Each structure stands twice: as structure tokens, then as C-alpha cells.
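Below is one structure; the comments refer to it alone.
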Amino acid sequence: MTAMKIRKIALIATALILSSQIFAQDNKFGIWYGADASKKIAKGLKAEVAGALRTDENGSNIESFYFEGGLNYKFNKFISAGAYYRCIEQKENDGDFYFRHRFYADLKGTVPMGRFTLSARYRFQEQKKTYIKSVDDEDATFYNRFKFELDYNIPRIPLTPSAFVEFSGQAMTSNDIMIEKRRVGGGLKYSITRKQSVSLDYIYLSSKVSNPAYFNVLSLNYSVKF
């Protein structure tokens, strides 16, 4: 058996082991549909709006939908910050939809490295429920979220592949779990024009505090700049 065949068999075996580990657990699947728009209103300052519909149960059930808006300010080509409000309609345990109100602020740093771009984002998030099932639901929850992403600009082709990882955990209070949720994924962005693009991403979510503990997502998004 040649070394090339051994490497091929090893790669196939590794892929099978990883896929069996991921899907042997109680994984579920959903599709997220989204769109966002931005408009420059002053030097370095732009307004942003976005909306999304999220499904679960293999894409057959609407789990939530939201609309958000905010402002983003770019200090220079490396650092930007923003503040946003998101209004969420979330399906709760009784099968009905209830509002959730989320406020968050972002601080993002970007470092160009040739055709690669490395970015890091910190988000501080507050969320308030209107579906009250226990005393704890009456209190707002606060989260720290850290996201790291690597993009690659393919020469002469309007495609940008990317990979990212995101970690989140409670702020203000502690439940002895430093990282409660994790997102790992990658995807492709296709630039239709200089101001329009579409993206397709795969996201693998894992959680130590919610059910299901593992979740697979296919995300479709359209973006436009005015």
C-alpha cells in the first residue's frame, strides 16, 4: 500500500470519526434567513438595520424572528464600534411567541494580512424577556461574547471564504461556567456588485445551558449598502 493511499484512508477515517461524533449526539438542524442594509450618514458613521427568520426542527418550524437597528462608527481602518437594539419574537415553551428586548454594544478590531483579514469582536449584551415562567425570568441577563474570524479574498473572483469561532458566557452574575455557548463555522460571501452581496454559512452551535446541547445551522443572508 502506497503512502498516498494510506494518507487518503487516514483522511477518510478521520472525517468519518468526526462526523460520527458530531451527529451521534442529539443534534438538530435549522435554517436561518437574514437580510441587512447600511447607509453612510457622516464620515466614519453609518446606520445599520437587519432582520432574520430562524427555524429549527430540520427547518420546518419557525423558532424566532427579529428586527434590529443601530449605529456603527469607524475610528480608523482598524477599529470600529457600534450600539444596537434588537426586537425579538421568540417561541416559548407554551408554543406562543413573546417579545424579547436586546441591547448590545460591539467593539471590533480588524487586521489586514495580505489577502487574509483577521478580525476580533467583543460584544456586551443585555436581554429582557416578557415570557415570565419563573422569578429569574423577570431579571435582565447580561452576556460577554467574543468572536474571531478569518477571511480570504480570492484573486479576480468575487468570492470571500471565511471561518470563525465565537464564545459567550454570562456577565454580572456567575454560574461557574466560563463559556456557556460556542459557535464554530465557515462560509462563502459572493459580491453581486460593489454594494450587494449574498452569503451562505454553516454554523455548529454547542451549549452547556440550553436544549438542544448541539445544533447545526445553514445561514442564508443578503446585504446591501446605500
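The values are calculated or read from the model by the stated rules, or taken from the named source; none is laboratory data. The structure displayed is predicted, hence computed values, not measured ones. Cβ placement follows ideal geometry from the backbone for every residue including glycine, while neighbour counts extend to all protein chains displayed. When the accessible area is computed, the model is the full protein with side chains, heavy atoms only, and any ligands, DNA or RNA have been set aside. Shrake-Rupley method; radii C 1.70, N 1.55, O 1.52, S 1.80 Å.
Based on the mean of other Cβ atoms within 10 Å per residue, sort peptides 65-73, 108-116 so the most packed one is first.
Final packing ranking: 65-73, 108-116.
For the pairs LYS46/LYS77; LYS108/LYS129; LYS40/LYS195; LYS40/LYS108; LYS40/LYS77; LYS28/LYS181, note any where the Cα-Cα span goes beyond 24 Å.
LYS108/LYS129
Carbon and sulfur together cover what percent of the accessible area of segment 172-219 at a 1.4 Å probe radius? Spell out each step's value before the answer.
Working: 1790 of 3160 Å².
The C+S portion of the solvent-accessible surface of segment 172-219 is 57 percent.
Report relative contact order for the chain in percent, whole number only (criteria: Cα-Cα under 8 Å, sequence separation at least 6).
Taking the mean separation of contacting Cα pairs over the length of the chain, I get 16 percent.
Using alpha-carbon positions, what is the distance between the centroids of segment 114-128 and segment 161-186, in Å?
First find each Cα centre; the distance between them is then 12 Å.
Considering Cα pairs under 8 angstrom that are at least six residues apart, work out the relative contact order of segment 151-226 and quote it in whole percent.
Details: 148 pairs, mean separation 17.9, N = 76.
Averaging sequence separation for qualifying contacts and normalising by length gives 23 percent for segment 151-226.
Give, in nm to one decimal, the length gained when the segment between VAL224 and LYS28 is fully stretched (0.36 nm per residue of separation minus the Cα-Cα distance).
Values: separation 196, 0.36 × 196 = 70.56 nm, distance 3.08 nm.
Computed gain between VAL224 and LYS28 is 67.5 nm.
Please find, in a Gaussian network model of the chain (springs between Cα atoms separated by less than 10 Å), the residue of VAL209, VAL198, VAL165 whose mean-square fluctuation is greatest.
Result for the chain, Cα springs under 10 Å: VAL209 fluctuates most.
Summing +1 for each Lys or Arg and -1 for each Asp or Glu, what net charge is found among the other residues whose Cβ lies under 9 Å from the Cβ of ALA120?
Charge balance in the 9 Å sphere: +2.
Per residue, what accessible area does the chain have, given a 1.4 Å probe and all protein chains present, in Å²?
64
Report the Stokes-Einstein translational diffusion coefficient (µm² s⁻¹, integer) for segment 148-226, Rh taken as the Kirkwood radius over Cα pairs, at 20 °C with viscosity 1.002 mPa s.
Values: Rh = 14.5 Å.
Diffusion coefficient, whole number: 148 µm²/s.
Working out 0.36 nm times the residue gap between LYS128 and LEU159, then minus their Cα-Cα distance, what length gain in nm do you get to one decimal? Could the numbers behind the result be given before it?
On the way: separation 31, 0.36 × 31 = 11.16 nm, distance 3.80 nm.
Difference between extended and current length: 7.4 nm.
Any chance you could run the full-extension gain for ASP137 through GLN170? It's 0.36 nm times the residue separation minus the Cα-Cα distance, nm to one decimal.
10.4 nm
Grab the other residues whose beta carbon is less than 13 angstrom from that of ARG102, score K and R as +1, D and E as -1, and report the net.
Working: positive: ARG86, ARG100, ARG123, LYS128, LYS129, ARG145; negative: GLU68, GLU89, ASP106, GLU126.
That sum, taken over residues with Cβ under 13 Å, equals +2.
GLU180's amide H: which non-local residues (gap 5+, or another chain) put their own amide H closer than 5 Å, with H modeled 1.01 Å from N in plane and none for Pro or chain starts?
Correct list: SER168, GLY169, GLN170.
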